[in-house]
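**Q** There's a structure below that I have some questions on.
Values quoted throughout were computed directly from the atomic coordinates according to the rules given, and no laboratory measurement underlies them. All values reported here derive from a predicted model rather than from experimental measurement. Here Cβ is always computed from backbone atoms with ideal geometry, including for glycine, and neighbour counts include all displayed protein chains.
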Amino acid sequence: DFQDLARERIAGTILLSTACAVTQGIPGWPAMNRVVKPGAMAARQATRGAGTWFPRGEVGYAMARLALGSKAEPHHVEHTRAMTAALPASTLAAMMPGVVGFDIRARLKDYPVPALVITGSRDLLTPLRLGREIAKRIPNAEFNVVPGAGHMLRIERGDWLNERIAAYANSH
């Protein structure tokens, strides 16, 4: 939104485990969105003051496990489960209307600063193809794939990620 200010103040960005259109690639999404978005708005109203949305026990652990890559440490899965469980249902519901309609694909051609896009090869939440699309749409973007990693790169590959961030920052 503020490209001149971004160019003046930002040397570069790192886009980590993300998408430029959360629902991209879902067949029939524009039509489904007319149903889903009002439902998300209704959920937002219905969950005000509600507790957590995330199940406890083995089901919650199994769901959290999906966010990590092929060789996830059990303590990383538990940490992911605990973080997700701490998210109030009302917060998730408030976020969903923006998520279901999020699509900035057309704007990325004007991305104002250098970008590095990093995606885990086993990310089920924002799959590799979504990161690759961002990198294609941003002029001169770099694209890194972290083999075997899932969506939780900061947890799964923290040391590698810190080194990559430092190298990228030093180069810009």
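**Q** For a Förster distance of 30 Å, can you work out the FRET efficiency between the beta-carbons of Asn170 and Tyr61, rounded to the nearest 0.05?
**A** About 0.20, to the nearest 0.05.
**Q** Right, another one. Hey, can you rank 100-110, 131-141, 115-125, 72-82 by average C-beta count inside 10 Å, highest first?
**A** Top of the packing list down: 115-125, 131-141, 72-82, 100-110.
**Q** Can you list the HN-Hα couplings for the stretch 12-19, worked out from phi with the Karplus curve (6.51, -1.76, 1.60; θ = phi - 60°), rounded to whole Hz and with x for Gly and Pro?
**A** Ordered by residue, 3J(HN,Hα) equals x, 10, 10, 9, 10, 6, 9, 9 Hz.
**Q** Using modelled backbone amide H atoms (1.01 Å from N, in-plane), which distant-in-sequence or interchain residues come within less than 5 Å of Gly120's amide H?
**A** HN-HN under 5 Å from Gly120: Ser17, Val146.
**Q** For Leu125, list long-range residues whose amide hydrogen, built 1.01 Å from N in the peptide plane, is under 5 Å from its own amide hydrogen.
**A** His151
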